[in-house]
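Below you'll find the structure, written out as structure tokens, and then a few comments.
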Amino acid sequence: MVKWIILAIFIISALYIQRRGKVKHSFYRQFFDHSTILAPINFLMYMFSKVPNQPYIDTQYFKDLKVLDENWEMIRDEAKALYDKGGIKASSSYDDLGFNSFFKTGWKRFYLKWYDSAHPSAAELCPKTTALLKTLPTIKAAMFTELAPDSRLVRHRDPYAGSLRYHLGLITPNDDRCFIDVDGQRYSWRDGESVVFDETYIHYAENTTNQNRIIFFADVERPLKTRFMEKFNHWFGKSVMTAASSPNEAGDQTGGLNKVFGYVYQIRIKAKALKAKNRQLYYFLKWFIMLGLFFLIFIRPYVFKV
């Protein structure tokens, strides 16, 4: 009975996520999307959110972030120095499960902070920005990100609703052709200007100009209505999100999830090769495994009663 209740919770939560917003994945796509894994938790985050559940949130809800806007030139200077050294880059191995797919289309990053993990390279190469981040406990993760000319990010949802996304333009084309689209609403980055949005809505980004785009990117703790939900969000971030830490350089911490991801992704590579070679066999095996697991977990106990 408990298994069926858990299954029902997942299905109801997944349906809610799938229907949320103006832009939607098909149910099939949403069912296999990584955001579905956290759908029940995200449902609670939306229900207890202190800020409006909408694609873009007024920065007035996050007055502590004003210090970032006020110091944007200092942050920009450290980002530029880092970029000139080649420090903003894609991962050279399969150790960044959260952003692995983005590297293929021209996106690059340098971690300044990731929950409770350690990034000594950030303190060494960007001392002023990392010192500023230490005064802002609501920022759980931060990085510099690059979107080169003619690069893009495909449509996707981020998996966890316990945070909201803050972008601060540092070195941008200042052009409407370099933009992010969140649930059908576009925002174009400008130097020194910031925006907050809910990254669990479907969004994508493009830079169709001939100039680079570098921004400061941060995950800010979602304000919640109850102490219990705040504590749960803190626990989840410390226990689960920290495990998704990815290194900039040797000596930075690699989280447990990313250590496992390096091995699991080898299976994904083989699956992609099979799909390219024989789509019918790929989908047969995919559904055979899915239905087999469903049978073993939910049906078998009723068929083979002891």
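For this structure, a couple of remarks:
- When the range 136-148 is filtered for residues that are among the polar types (S, T, N, Q) and outside any loop (DSSP other than H, G, I, E, B), only Thr145 remains.
- If you go through the range 114-129 and keep only what is buried (at least 18 other Cβ atoms within 10 Å of the Cβ), out of contact with any Ser or Thr (no Cβ under 6 Å at 6 or more places or on another chain) and either among the aliphatic types (A, V, I, L, M) or not in a helix (DSSP H, G or I) (or both), you end up with His119, Leu125, Cys126.
- Candidate set from the range 81-113 (those that are assigned to a helix (DSSP H, G or I) and aromatic (Phe, Trp, Tyr)); member that is farthest from Asp158 (Cα to Cα): Tyr83
- Applying the set (1) of a type in the set (Val, Ile, Thr); (2) part of a strand (DSSP E or B); (3) touching a helix residue (DSSP H, G or I) at 6+ places or on another chain (Cβ under 9 Å) to Ile180 leaves exactly one unmet item: (3).
- Unmet requirement for His234, which otherwise passes all of (1) closer than 15 Å to Arg165 by Cβ; (2) loosely packed, with under 15 Cβ neighbours inside 10 Å: (1)
- Filtered residues of the range 149-173 (kept if surrounded by 16 or more Cβ atoms within 10 Å (Cβ to Cβ) and part of a loop (DSSP other than H, G, I, E, B)): Arg157, Asp158, Pro159, Tyr160, Ala161, Gly162, Thr172, Pro173
- Hits in the range 126-168 - residues which are touching a strand residue (DSSP E or B) at 6+ places or on another chain (Cβ under 7 Å) and among the polar types (S, T, N, Q): Thr129, Thr130, Thr138, Thr145, Ser151, Ser163
- If you go through the range 49-80 and keep only what is under 25 Å from Lys108 (Cα atoms) and assigned to a loop (DSSP other than H, G, I, E, B), you end up with Pro55, Asn71.
- Residue match in the range 13-26 (condition: among the small types (Gly, Ala, Ser), closer than 30 Å to Trp189 by Cβ, out of contact with any strand residue (DSSP E or B) (no Cβ under 8 Å at 6 or more places or on another chain) and assigned to a helix (DSSP H, G or I)): no
- Whenever a residue of the range 92-103 is within 15 Å of Tyr115 (Cβ to Cβ), its partners that are among the aliphatic types (A, V, I, L, M) and in a helix (DSSP H, G or I), lying with C-beta atoms within less than 8 angstrom and at least six residues away or across chains, give the pairs Leu97/Ala244; Leu97/Leu257; Gly98/Ala244.
- In the range 18-50, residue surrounded by the fewest Cβ atoms within 10 Å (Cβ to Cβ) [restricted to those that are among the hydrophobic types (A, V, I, L, M, F, W, C) and in contact with a helix residue (DSSP H, G or I) (Cβ under 8 Å, 6 or more places away or on another chain)]: Phe27
Residues are listed down the side, and each one gets a yes or a no for (1) basic (Lys, Arg); (2) closer than 26 Å to Ala244 by Cβ; (3) under 21 Å from the mean Cα position of the chain (by Cα):
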{"residue": "Ser49", "(1), (2), (3)": "no, yes, yes"}
{"residue": "Asp58", "(1), (2), (3)": "no, no, yes"}
{"residue": "Asp77", "(1), (2), (3)": "no, no, no"}
{"residue": "Ile88", "(1), (2), (3)": "no, yes, yes"}
{"residue": "Trp114", "(1), (2), (3)": "no, yes, yes"}
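- Count of residues meeting criterion [assigned to a helix (DSSP H, G or I) and surrounded by 11 or more Cβ atoms within 10 Å (Cβ to Cβ)] in the range 270-291: 13
- Residues in the range 174-209 that are small (Gly, Ala, Ser) and surrounded by 18 or more Cβ atoms within 10 Å (Cβ to Cβ): Ser194, Ala205.
Laboratory data are not the source of any read-out in this text; all were calculated from the coordinates shown. Note that the structure is a prediction, hence the values are computed from the model and not measured. Using ideal geometry, Cβ is built from the backbone for each residue, glycine included, and neighbour counts are taken over all protein chains shown.
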